[in-house]
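Data first, discussion second: the structure below is written as structure tokens.
Each reported figure results from applying straightforward, stated rules to the coordinates on display, with no laboratory input. The structure displayed is predicted, hence computed values, not measured ones. For neighbour counting, all protein chains shown are included, and Cβ atoms are generated from backbone atoms with ideal geometry for every residue, glycine included.
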Amino acid sequence: MIDSHTHLYDPIFDADREGVLGRARETGVQSMIAVGCDLETSRRAVELADRHDELHATIGVHPHEAKDADDAVLSELENLAAHPKVVGYGEIGLDYYYLHSSKETQQRLFRTQIGTAKRLCLPIVIHSRDAKSDTLAILKEEGADAVGGVMHCFTGDLEMAQAAIDLNFHISFSGVLTFANARALRETARRIPLERILVETDCPYLAPVPHRGRRNEPAYVRHTVSALAELHPSMSMDDMIRTTASNTARLFRLKP
């Protein structure tokens, strides 16, 4: 298995990070991607990946932090991208739910970072909340299909998933897929092409059933893979593990 989206640099893991990584290995998680949300967490993601063979990193500025992303920040992120363990740009995008940064500021930075990702030839990790139309429009207008990427922690509808796939993006499912009230999301996951599906924990957030409400960790990604396998009766659990891992490795160009 590959956990395509983690925040393992989070201080909540400081006391037992090695144990968390050990449990992931024991459960069959062969690779994990630590995803940056601003300059500081991008640095921490790269530093962590540099110390662990099974970890990779992405760098970028989350829409919450868009108001603080000046030219110096973006320049330093581009320098970080030169590290050999950096495999993607993100998480970037739009979040109209909290609006920690204005819509205009978010959109401007989103376009800028898509341009940087294209220049660096890095796949893009997208965060989109309550911003379906603008997210898809900007991806299309900025030619994001040139590098593609992934819609992280997807909770949208089938229409949004198909539009993203048409723009050369993958769809990543988190522990939300296991929640009792996620019937519509499970139907979406059942209907999209298997070759476009990734799995993630988004740890320490969104722990799947039966760990819901606790700190999430990469070992728990198995529950999301299991939920996907149940949606495809013709596939075994091992088939789904191979499929999602292969998709992730191909998108991020991960070496075995």
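Data overview
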{"item": "Flag if ALA24 is over 15 Å from VAL125 (Cα atoms), outside any helix (DSSP H, G or I) and hydrophobic (A, V, I, L, M, F, W, C)", "result": "no"}
{"item": "Region 92-115, residues that are closer than 23 Å to ASN79 by Cα and under 18 Å from the mean Cα position of the chain (by Cα)", "result": "ILE92, GLY93, PHE110, GLN113, ILE114"}
{"item": "Enumeration of residues in region 7-21 that are closer than 28 Å to GLN113 by Cβ and assigned to a loop (DSSP other than H, G, I, E, B)", "result": "HIS7, LEU8, TYR9, ASP10"}
{"item": "Matching residues, region 21-40, being crowded, with 21+ Cβ neighbours inside 10 Å and of a type in the set (Val, Ile, Thr)", "result": "VAL29, ILE33, VAL35"}
{"item": "Options SER42, SER4, SER101; residue that is outside any loop (DSSP other than H, G, I, E, B) and either more than 19 Å from GLY148 (Cα to Cα) or of a type in the set (Asp, Glu) (or both)", "result": "SER42"}
{"item": "Residue in region 10-20 that is aliphatic (A, V, I, L, M), in contact (Cβ under 8 Å) with a residue 60 or more places away in the chain and out of contact with any Ser or Thr (no Cβ under 7 Å at 6 or more places or on another chain) present", "result": "yes"}
{"item": "Subset of region 207-240 that is in contact with a helix residue (DSSP H, G or I) (Cβ under 6 Å, 6 or more places away or on another chain), of a type in the set (A, V, I, L, M, F, W, C) and surrounded by 20 or more Cβ atoms within 10 Å (Cβ to Cβ) - its residue that is nearest to VAL20 (Cα to Cα)", "result": "ALA219"}
{"item": "Top-ranked residue of region 148-162 - restricted to ones that are touching a residue at least 12 places away in the same chain (Cβ under 8 Å) and over 19 Å from GLN107 (Cα atoms), ranked as nearest to the chain's Cα centre (by Cα)", "result": "CYS153"}
{"item": "Subset of region 21-77 [of a type in the set (A, V, I, L, M, F, W, C), free of Cβ contacts under 8 Å to residues at least 60 places away in the same chain and closer than 22 Å to VAL225 by Cβ]", "result": "ALA34, LEU55"}
{"item": "Tally, over region 53-94, of residues that are outside any strand (DSSP E or B) and either charged (D, E, K, R) or surrounded by fewer than 14 Cβ atoms within 10 Å (Cβ to Cβ) (or both)", "result": "15"}
{"item": "Selection within region 173-210 - closer than 14 Å to ARG222 by Cα and touching a strand residue (DSSP E or B) at 6+ places or on another chain (Cβ under 8 Å)", "result": "PHE173, SER174, LEU198, VAL199, GLU200, THR201, ASP202, CYS203"}
{"item": "Failed item, numbered, when SER128 is tested on (1) of a type in the set (Gly, Ala, Ser); (2) part of a helix (DSSP H, G or I); (3) in contact with a helix residue (DSSP H, G or I) (Cβ under 6 Å, 6 or more places away or on another chain)", "result": "(2)"}
{"item": "Filter result (out of contact with any Pro (no Cβ under 7 Å at 6 or more places or on another chain) and touching a residue at least 60 places away in the same chain (Cβ under 8 Å)) within region 125-147", "result": "VAL125"}
{"item": "Test: residue in region 158-171 that is in contact with a Phe, Trp or Tyr (Cβ under 6 Å, 6 or more places away or on another chain) and either crowded, with 22+ Cβ neighbours inside 10 Å or within 17 Å of ILE126 (Cα to Cα) (or both)", "result": "yes"}
